[in-house]
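Down below is the structure, laid out as structure tokens.
Values quoted throughout were computed directly from the atomic coordinates according to the rules given, and no laboratory measurement underlies them. Nothing here was measured: the structure is a model prediction, and the numbers come from that model. All Cβ positions, glycine included, derive from the backbone under ideal geometry; neighbour counts span all protein chains shown.
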Amino acid sequence: MTVAHRPSRALLLRRRYALAAATALGSVATCVVLQAPRTAHAQFRPAPMHINTGRTSSSDEPATFQSDKVDYDDNEHTVTWTGNVQVWQGEHVMRADKIVYDRDTGVVAARGNVATIQSDGSVLYAHYAELSGGMRDGIMMHVNASLPENAKLAANGLRRTGGKINDMSRTVYTACEICAKDKTRAPFWQFRAYDATQDLEHQKIDFRDAYLDIFGIPVLYLPFFSMADPSAKRHSGFLMPGITPHDRYLGTYFTIPYYWVIDDQSDVTVQALFSTKTNPQLSAQYRHRFNFGSLNLQGGAAYSSLRSNSFTNGFGEHVEGGNGHGLQGYLFANFQASLNKYWRAGANVNIATSADYMRNYRVQGYGADTLNSNAYFEGFGTGAYSRLDGQFYQGLNQGVIRNSDLPFVLPRYTYSFLGQPDAWGGRFGLSTTDFNVKRSNGASDVRGQVALNWDRPFRNKLGQQFLLTLHLDSMVYRASKLYQQPNYYKTTKAMTSGQVLPTIALKTNWPFVRTFEHGRGTQILEPIVQGIYAPNTGAGANDFLPNEDSLAYEFSDSTLFSLNRFQGTDRLDGGLRGNVGIHANWTWDGHEVDLLAGESFQEHITHDRQPYSGLDHHASDVVMRARVSPNQYFDFTSRMRLDPYTSKVNFGDALFSAGVPHFRIRGGYVFEPVTPYYYYASDYRSSGPTQLYYERVNEISGGVSTNWANWYMSGFARRSLSRKQFVSLGGNIGYTNDCFGLDLMYLKQYTTIGGQQRNSTFLFTVSLKTLGSFGLK
């Protein structure tokens, strides 16, 4: 409250002394702002200043104070502020119950609930503080610091130098919550150090003679430990090292990563790997973010002393060891650029000198069949998409995939367009996928393709829903070496061929709907009938058409009403056929039961499809699907394909999940009488598919997971019933809270890749909030 009255002579003299003190201050103020022009009574306090302004304060900047009371002692040459005192200069702010300024020494002494805000936005609390030099130098007693990420720092004493260095004695650091009922109780973990230095300029904290305590019990001694300040978003320095006591190829190996912040847009992580069985590897990752995109480069190099053994693959062929010896390396690159709001470009490059090198040095990506690279240019419009790209592949599964068999695609162009409803109520669509494929060992071909489509939905008074479709496919090819994979035609000529296939289809859905449980539930019974007519093409084999995108064929509940059940357009379903199905659905209170069953009837039989396609007769296999989710504790989904002539199941899978809060089990099953992956692996036209193709897929899998409070545990297993062996199994158990994480994982894979079967993997990880994670593999 401010009381206005005429100032006395004594009060005018006091103001002159205050202004003189502010002028001479240099340490706390060069200009003391008195908000009450005629008295020094209380003022309204502003909101606390917790904003990092990003600028550096100077002792020449004016300082401002406010308090409940101010006293001037002309004899002692001091100014004393008491009661809710705040003093700020630039980005430095200090609050206390009482502050005394000595005009002769330029020292500010603060007592009682002292709090200072540092330039990085963190707050220091102390019982007593003596500061000078614009609050950039001084000492503080019984200090507590509140840092970002809920980190806390405490010390018996602190010496501040230049506003940049805080030297602390008897320091404790933690990122864990402090017990509200008993603040003397030790946190979950903490660092105790004889002394520590906080470098605000370089954003790091160094501890000397430090102990890591868990529940107050010392578990680790570190003569020296350095960490990034929690206020630092990115900070250069060594990251947590890694250690693996045993590895089949590397023996015992260590990794030492270093992170370097180049500027606000880019950084580099360099890692050295040292092993007991082979020579070191040096790898690095460079990241850069532009205003219009990003660049990510990752690579490594080593002079490997490891040699790979030969082996016999699943086809009974002898395979020599891969080229994993000598100078080896890899490069993974990703680039993306947004040219404008409609167009963007990018590239993904993934290459390695050998698959064995990736396996031996545990380069991420080994275990996949191929390394894929591409460069692309794509555009987006209203209802339209266009893309031009090139593709390159490198095989990793030695003995099964050879690099000479893999294609080089340059260029490949795709375009799709879907128009708005026209005057007749239909929608027109156009798409094309054109490419040039080159192989060293295998067919090479060029394709031009266009597909036109027009859909017209309508309904009648009985509630029947109709969809009329007019579709036209057209392709032209120029191909050579068709006698090699994947076609194996009996011709050595280069062929120019093509096909045009018009299709007309009418689909009818007639849903019968009723409600129950006073409108809260819905029941639907929906017969579906579809008629399709197209010329019979024999799936393109009779015209020596190459096959690049239609190697897989799937007849299931999801493709029952599709015009073409091949994945691409090199092969097309032709002829006269009809599809029928019955769909039922019950939904109530968020729960659901959904059923579908159907069958396809065709006039012509195409024998160029894979065996067990489900379409070997005029009446196809019966496809079925069931999805049951009666409540939050259970859900089940199953699909199958049944041969009506033999009553045999040609395909089946099922997934279920059941559980209560904190506990859940999951399971799955898949069956198929063949392994489709191997159908095109050999000359199937002359001698039939390889024997590997006729190995059944018959697998069961299951898992369980539970969590309680801060603990969690899970396990899984996958077993091949046909081969009578496990495919993989594993599990993990761990603990996590607000500042600590502990995880133990086990994984066993029985799959053989490159003639070698993977070993078991154990991974033990400890995570400390704001410090990082340390793993033992």
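Given R₀ = 25 Å, FRET efficiency for SER728-HIS662 by Cβ-Cβ distance, to 0.05? Intermediate results must be reported in sequence, preceding the final value.
Working: r = 26 Å, r/R0 = 1.03.
According to the calculation, E is roughly 0.45.
In vacuum, with every alpha carbon of region 637-777 counted as one equal point scatterer, what does the Debye formula give for log10 I(q)/I(0) at q = 0.13 Å⁻¹? Two decimals, please.
-0.80
On average over all directions, what projected area in square nanometres does region 464-530 have, based on the convex hull of its Cα atoms?
On the way: hull surface 33.1 nm².
In nm², the orientation-averaged hull projection of region 464-530 is 8.3.
Starting from the Cα of TYR385, step 7 Å along the direction of its Cβ; do the same at TYR712; then give the gap between the two resulting points in nm.
With each label placed 7 Å out from Cα toward Cβ, I get 3.2 nm.
With n ≥ 4 as the cut-off for DSSP H runs, can you work out [θ] at 222 nm for the chain, using -39500 (n - 2.57) per run divided by the number of residues, rounded to the nearest 500? Provide the component values of the computation, followed by the final result.
Details: 3 runs with 27 residues, N = 777.
Estimated from H runs of four or more residues: -1000 deg cm²/dmol.
Can you list the residues, at least 5 places off or on another chain, whose amide H is less than 5 Å from the amide H of ALA63, using H built in the peptide plane?
Amide H neighbours of ALA63, under 5 Å, 5+ apart: THR30, CYS31.
Of all alpha-carbon pairs in region 78-219, indicate the percentage at a distance above 20 angstrom.
Values: 4707 of 10011 pairs.
Here the tail beyond 20 Å accounts for 47 percent of pairs.
Classify region 527-583 as rounded, prolate or oblate from the Cα gyration tensor: take a ≥ b ≥ c as the square roots of its eigenvalues, call it rounded if a/c is under 1.5, otherwise prolate when a/b beats b/c and oblate if not. Intermediate results must be reported in sequence, preceding the final value.
Working: a/c = 3.91, a/b = 1.69, b/c = 2.31.
Oblate.
Can you work out D for region 249-355 in µm² s⁻¹ from Stokes-Einstein, where Rh is the Kirkwood radius over C-alpha pairs, the temperature is 20 °C and the viscosity is 1.002 mPa s?
129
Please list 3J(HN,Hα) in residue order for region 522-535, calculated via the Karplus relation 6.51 cos²θ - 1.76 cosθ + 1.60 where θ = phi - 60°; whole Hz, with x for glycine and proline.
Computed from phi, the couplings for region 522-535 are 9, 10, 10, 10, 10, x, 10, 10, 9, x, 10, 10, 8, x Hz.
What are the semi-axes of the equivalent ellipsoid of region 383-434, taken as the square roots of 5 times the eigenvalues of the Cα gyration tensor, listed largest first and rounded to whole Å?
Values: eigenvalues 299, 25, 10 Å².
Output for region 383-434: semi-axes of 39, 11, 7 Å.
Eight or more residues apart or on different chains, and alpha-carbon atoms under 28 Å: count the Lys pairs in region 64-201 matching that.
Details: LYS69/LYS98; LYS98/LYS152; LYS98/LYS164; LYS98/LYS183; LYS152/LYS164; LYS152/LYS181; LYS152/LYS183.
Taking region 64-201 as the scope, the lysine pair count is 7.
Find how much the distance from ARG159 to LYS438 grows on full extension, using 0.36 nm per residue of separation minus their present alpha carbon separation; answer in nm with one decimal. Provide the component values of the computation, followed by the final result.
On the way: separation 279, 0.36 × 279 = 100.44 nm, distance 7.12 nm.
Full extension from ARG159 to LYS438 adds 93.3 nm.
Between helix 9-25 and the chain, what is the angle of the helix's C-alpha long axis to the longest principal axis, kept within 0 to 90° and rounded to the nearest 10?
Its long axis makes an angle of about 50 degrees.
Below 30 Å Cα-Cα, how many Lys pairs turn up in region 415-644? Only count pairs eight or more apart in sequence, or on different chains, if you could. Display every interim value, and only then the final one.
Numbers: LYS438/LYS481; LYS438/LYS490; LYS438/LYS493; LYS461/LYS507; LYS481/LYS490; LYS481/LYS493.
Value for region 415-644: 6.
Enumerate the amide H contacts of HIS583 below 5 Å, restricted to partners 5 or more residues apart or on another chain; note that Pro and chain-start residues carry no placed amide H.
So HIS583 has HN proximity to GLU526, ILE528.
How many angstrom lie between the Cα centre of region 84-162 and the Cα centre of region 481-541?
The two parts, judged by their Cα centres, are 76 Å apart.
Just to check I understand the Karplus step: with θ = phi - 60° and J = 6.51 cos²θ - 1.76 cosθ + 1.60, what whole-Hz values come out for region 155-162, glycine and proline as x?
Karplus values, whole Hz, x for Gly and Pro: 8, 5, x, 9, 10, 9, 10, x.
To check my understanding: the extent here is largest minus smallest coordinate of the Cα atoms along each principal axis. What are those three numbers for region 415-644, in Å, largest first?
Sorted largest first, the three principal extents are 71, 43, 33 Å.
I'd like the distance between the alpha-carbon centres of region 263-332 and region 543-594, rounded to an integer number of Å.
The two parts, judged by their Cα centres, are 42 Å apart.
State the extension gain, in nm to one decimal, for the chain segment bounded by ASP683 and GLN523, taking 0.36 nm per residue of separation less the distance between their alpha-carbons. Walk me through the numbers before you get to the answer.
Working: separation 160, 0.36 × 160 = 57.60 nm, distance 5.14 nm.
Once the chain is fully extended between ASP683 and GLN523, it gains 52.5 nm.
Let's test the formula: R0 of 22 Å, r as the Cβ-Cβ distance of GLN756 and SER404. What FRET efficiency results, to the nearest 0.05?
Efficiency, from the Cβ-Cβ distance: 0.50.
Rg to Rh ratio, the chain, alpha-carbon atoms and Kirkwood radius?
Numbers: Rg = 37.2 Å, Rh = 33.7 Å.
Rg/Rh for the chain comes to 1.10.
Return THR675, THR105 ranked ascending by Cβ neighbour count within 10 Å, so the fewest neighbours appear first. Each step should come with its number before you reach the end.
Details: THR675 17, THR105 13.
In order of increasing Cβ crowding within 10 Å: THR105, THR675.
Could you pull out the GluC sites (Glu not before Pro) across region 302-395 that fall in loop regions by DSSP (anything but H, G, I, E, B) with no more than 12 other Cβ atoms inside 10 Å? Write out the running numbers ahead of the final one.
Numbers: sites: GLU317, GLU320, GLU378; in loops: GLU317, GLU320.
Those satisfying the criteria are GLU317, GLU320.
So what are the ³J(HN,Hα) numbers for region 243-257, from phi and the Karplus equation (6.51, -1.76, 1.60; θ = phi - 60°), rounded to whole Hz, Gly and Pro as x?
Each residue's phi maps through the Karplus curve to give 9, 10, x, 8, 9, 4, 9, 9, x, 8, 9, 10, 10, 10, x Hz.
Given H placed 1.01 Å from N in the peptide plane, which residues other than close sequence neighbours of PHE290 have an amide H under 5 Å from its amide H?
Amide H to amide H, under 5 Å and 5 or more residues apart or across chains, PHE290 pairs with LEU295.
Over the Cα atoms of region 656-737, what is the Rg over Rh ratio if Rh follows Kirkwood? Working shown, then result.
Numbers: Rg = 18.8 Å, Rh = 15.3 Å.
Over the Cα atoms of region 656-737, Rg/Rh equals 1.23.
Fewest Cβ neighbours within 10 Å first, please rank ASP570, ASP616 accordingly. Kindly include the intermediate steps, with their values, before the conclusion.
Details: ASP570 23, ASP616 17.
Placing the least packed residue first, the sequence is ASP616, ASP570.
Hey, which aspartates and glutamates would be in cross-link range of LYS233, C-alpha to C-alpha under 14 Å, not counting anything within fewer than 8 residues on its own chain?
Filter leaves ASP120, GLU149, GLU201, ASP263, ASP264, ASP267.
Below 12 angstrom from the Cβ of ALA619, what's the summed charge of the other residues (Lys, Arg +1; Asp, Glu -1)? Don't jump to the answer; show the numbers that get you there.
Values: positive: ARG577; negative: GLU599, GLU603, ASP616, ASP621, ASP643.
Result for the neighbourhood of ALA619: -4.
Compute the Rg to Rh ratio over region 198-324 from the alpha carbon atoms, using the Kirkwood formula for Rh, and round to two decimal places.
Details: Rg = 21.0 Å, Rh = 18.6 Å.
Reported Rg/Rh (Cα atoms, Kirkwood Rh): 1.13.
When the Kirkwood radius is taken over all Cα pairs of region 566-690, what Stokes-Einstein diffusion coefficient follows at 20 °C and 1.002 mPa s, in µm²/s? Numbers along the way, then the final one.
Details: Rh = 17.3 Å.
D = 124 µm²/s.
Cut-off is 10 Å between beta-carbons; in what order do ASP356, ASP557 appear when sorted fewest neighbours first?
ASP557, ASP356
Given q = 0.27, 0.28 Å⁻¹, what are the Debye log10 I(q)/I(0) values for region 314-370, with equal point scatterers placed on the Cα positions and solvent ignored?
The computed values of log10 I(q)/I(0) come out as -1.10, -1.14.
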